[in-house]
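Below you'll find the structure, written out as structure tokens, and then a few comments.
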Amino acid sequence: MIDASRSRTNIAALLAILALSAASMVWLFWHFPVITSVVTIAVLAVLGVCARLARLSDSDMTELRQGNQSV
């Protein structure tokens with residue numbers, strides 16, 4: 001019973017955070033459309049670069065775990 005209550009609380013918190021985030025993005029885009037668009041594209045680009053770097057570093061770690069050490 002406690003686990004179900006905690007699960008519902010977590011889902012409610014997630015939905016509240018998503019709604020607040022969406023509302024703030026809409027408000028920012030309504031008042032400052034150009035700046036909001038530029039910042040959004042910049043943040044997405046940074047996240048894309050981070051994802052590529054994480055993928056590259058992950059593949060290096062799997063090679064080291066398999067014993068394929070290169071100099």
How many residues of the range 13-60 are of a type in the set (A, V, I, L, M) and over 19 Å from the mean Cα position of the chain (by Cα)? The answer is 3
Residue list for the range 5-52, filter: among the hydroxyl-bearing types (Ser, Thr, Tyr) and out of contact with any helix residue (DSSP H, G or I) (no Cβ under 7 Å at 6 or more places or on another chain): Ser5, Ser7, Thr9, Ser21, Ser24, Ser37, Thr40
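Where a number appears in this text, it was derived from the coordinates with a stated rule and is not lab data. Being a predicted model, the structure only gives us computed values, none of them experimental. Cβ: placed from backbone, ideal geometry, glycine included. Neighbour counts: every protein chain shown.
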